[in-house]
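Chemist: Sharing a structure, written as structure tokens. Questions coming.
Here, each number is a calculation from the coordinates, and none is a lab measurement. Predicted model, so just to flag it, every value in this text is computed and none were measured. Quick reminder, even Gly has a Cβ in these numbers, built from the backbone with ideal geometry, and neighbours come from all protein chains shown.
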Amino acid sequence: MLALAPAQAAAPHITARLVAESAAPAPGGTTAIALTMAPEKGWHGYWKNGGDAGFGLSVDWNLPDGVTVSPFRYPVPEALILFGMMNHVYEHPYALLADVRVDQSVAPGADLTLTGIANWLACTDKVCVPEKAVISVALKAGNGGTAASERARFDAWRARLPQPLDRAGAWERNGDMVRFGVPLPEGAALDAPHLFLETPNVVDYPAKQKFSRNGDWIIVETKAKGAAAGPVDGLLKLSDGRGLTVRFEPAAVRAPGTPIATASDGTDTALFWTALGGAILGGLILNLMPCVFPILSLKALSLARSGGDARAAKVEAVAYTAGAVLVCLALGGLLLGLRAAGEQVGWAFQLQHPVSVLLLLILAVAITLNLLGTYELPSFGGGQKLASRGGAAGGFWTGALAAFVATPCSGPLLGAALGATLVLPAWAALPIFGGLGLGLALPFLAIGFVPALRNRLPKPGPWMAKFRKWMALPMALTALALAVLLWRQVDGGWTDRGAQSTAASGDIFSPAALAKARATGKPVFVYFTADWCLSCKANEAGAINRAAVQEAFDKAGIITLVGDWTNGDPVITRTLAEHGRNSVPLYLWYAPGAAQAEILPQILTPGLLAGKAGAR
């Protein structure tokens, strides 16, 4: 998520310069001016409608008598998705154009110098800075002469401006979908188009846009968002950076026709590889979670008990990896399928249903009893039925179990990695879920294929029985937590008690509550949690609910809002998606006056939160 930094104290990250096509505009005529914007490398500016984040440029003019300046016209922007949010941006130098009109009454030779204060937002993929500058250009009333070099330069800028379409388009809302019709002859070039809307509260900006051609009409279908009505203004990006401005009137839209490839059909390769790496590393870290660590430990001990058979170790490690990866792929595929069907769901969605929690509880109790030696679970050890078949069956089902019981956990890197699946196409999102399973299996895979690691495993002995019983403790705690969660989910009075317990540690989150809290001018801390989220509960016990942190928050007047996702909530699911997440925990910090929230790390410390309170 983009964090808003203080206004610039040094040089701006986007350099603005005002230039005129003619330094001597004639009274009774017009001339063009351009505000050139040159972003530093890695920075970008915004179109008039910045999308989910950002805003365009505004100028407070100080104009001579008899001079008027039209609103600036913007070149065709680019679509940029960051953390699941769509931004309408310019990542390279660009120019905004406006017309200056000089009244007939202005005397020749009069000083017509234009001066104003320009305000804009400059952003990278991590931080945004509100910037401003005094802009001016010296003009004198004259004959309107223009140098050839200036005319050529302005003509190049004018060529980047979208052209107005001579006919109105049509638009209609149909449930969760909004449809647009653009009258465009079949011969018009259309290469990877995108529809930018100037009118807000019409579409979900990052949603995929489906383009098709039906005769002399281009049909655009995408997800609706907001309740705007009446005429809608938009910009259709064509080929080679060209575009058309369109006024859409409310009317019936033709049926879809022949599909047209769009820019969103491609995949952000950098995002894909970053998310895949984060999922693998995040899955690796999950091995330290209390519900997964005992399983990994016992599989390692089964190798030690086997006497170091290299082939058997490799077979079991591969089978374990296959089980973990396939379960994560299955859960990810089900998640993507539910989303495609219009369901508002996120990672670990199955834990929002009591039946799934009951199944996990039974498994956790069974594993605990097995570790205590009450009976032998077929998926564990070296002499049981499944493991006796070369170890492959035992390894596979143990890996599958490890992946399934790990779903309540969300650690470092996983939130952003799984959040990337919101904007990647399904074929690219599925490997991210598979990467989670691979990361989860990496330690056991390494033990199976690296003899040096196997040789470092402790030798079999009586200590193994004691160690196995000690591993029952974290599994028993996991079973206890699942039992409490199940009781809360199925108990008839859970809703009232849940609201009361949530309100005890902070007000209940809602978009209206957030807007009200931010309107007070105080800092606002918002956190999203769930009873089945072990990382959430660890952060709450170890940081958020610590007495020193709460005292610091009270002293600074910080307002806390809590979003409980235990049983699922479409509003919270949408809020998570708006911040590039589809899992909890998520921690948001709104500084007074900030345009956007700062996303805090998924591992909180008392020092971090107390420092935020003291930094006010």
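Chemist: For ALA98 and ALA147, calculate 0.36 nm times their separation in residues minus their Cα-Cα distance, and state this gained length in nm to one decimal.
Modeler: 15.8 nm
Chemist: So how do 329-336, 577-584, 216-223, 396-403 stack up, highest first, on mean other-Cβ count within 10 Å?
Modeler: Taking the mean over residues of other Cβ atoms within 10 Å, the ranking is 396-403, 577-584, 216-223, 329-336.
Chemist: Sticking with this structure for a sec: Mind giving me the nanometre distance, one decimal, between the label points for ASP176 and ILE117, set 7 Å out from Cα along Cα→Cβ?
Modeler: Rounded to a tenth, the inter-label distance reads 4.6 nm.
Chemist: How many angstrom separate the Cα center of the range 307-334 from the Cα center of the range 14-44?
Modeler: 62 Å
Chemist: Let me ask something else. Return the FRET efficiency for the residue pair LYS522, THR605: r is the Cβ-Cβ distance, R0 is 22 Å, and the value is rounded to the nearest 0.05.
Modeler: Between LYS522 and THR605 the formula returns 0.45.
Chemist: Counting other C-beta atoms within 10 Å, and keeping those with at most 14, which DSSP coil GluC sites (Glu not before Pro) do you find in the range 107-186?
Modeler: Those that pass, being in a loop and sparsely packed, are GLU186.
Chemist: Using only C-alpha positions, report the orientation-averaged shadow area of the convex hull of the range 3-161, nm², one decimal.
Modeler: The number I arrive at for the range 3-161 is 9.3 nm².
Chemist: Right, another one. On full extension of the chain, what length is gained from TRP487 through TRP61, given 0.36 nm per residue of separation minus the C-alpha to C-alpha distance?
Modeler: So the chain would gain 147.0 nm between TRP487 and TRP61.
Chemist: For the range 560-580 and the range 130-181, what is the centre-to-centre distance using only Cα atoms, to the nearest Å?
Modeler: 39 Å
Chemist: Can you tell me the relative contact order of the range 169-265? Whole percent, Cα pairs under 8 Å, sequence separation 6 or more.
Modeler: 38 percent
Chemist: Would you list which lysines come within 20 Å of LYS612, measuring only between C-alpha atoms, while excluding same-chain residues fewer than 8 positions from it?
Modeler: LYS126, LYS522, LYS555
Chemist: How large is ³J(HN,Hα), in whole Hz, for each residue of the range 63-73 in order, when computed from phi with the Karplus curve 6.51 cos²θ - 1.76 cosθ + 1.60 and θ = phi - 60°, using x for Gly and Pro?
Modeler: 10, x, 4, x, 10, 10, 10, 6, x, 5, 9
Chemist: Highest mean first, what order results for 59-69, 18-28 on Cβ atoms within 10 Å?
Modeler: Answer by packing, highest mean first, reads 18-28, 59-69.
Chemist: Further, regarding this structure: Express the relative contact order of the range 494-614 as a whole percentage, based on alpha carbon pairs under 8 Å and six or more residues apart in sequence.
Modeler: With pairs under 8 Å counted, the relative contact order is 35 percent.
Chemist: So what is the relative contact order of the range 49-208, in percent, for Cα pairs below 8 Å that sit 6 or more residues apart?
Modeler: 24 percent
Chemist: Would you mind computing, in nm to one decimal, how far apart the modelled labels at ALA38 and LYS140 are, each placed 7 Å from Cα along Cα→Cβ?
Modeler: Result for the modelled spin labels: 2.7 nm.
Chemist: Please sort 357-367, 438-448 by packing, taking for each peptide the average over its residues of neighbouring beta carbons within 10 angstrom, highest first.
Modeler: Per-residue Cβ counts within 10 Å, averaged per peptide and sorted highest first, yield 438-448, 357-367.
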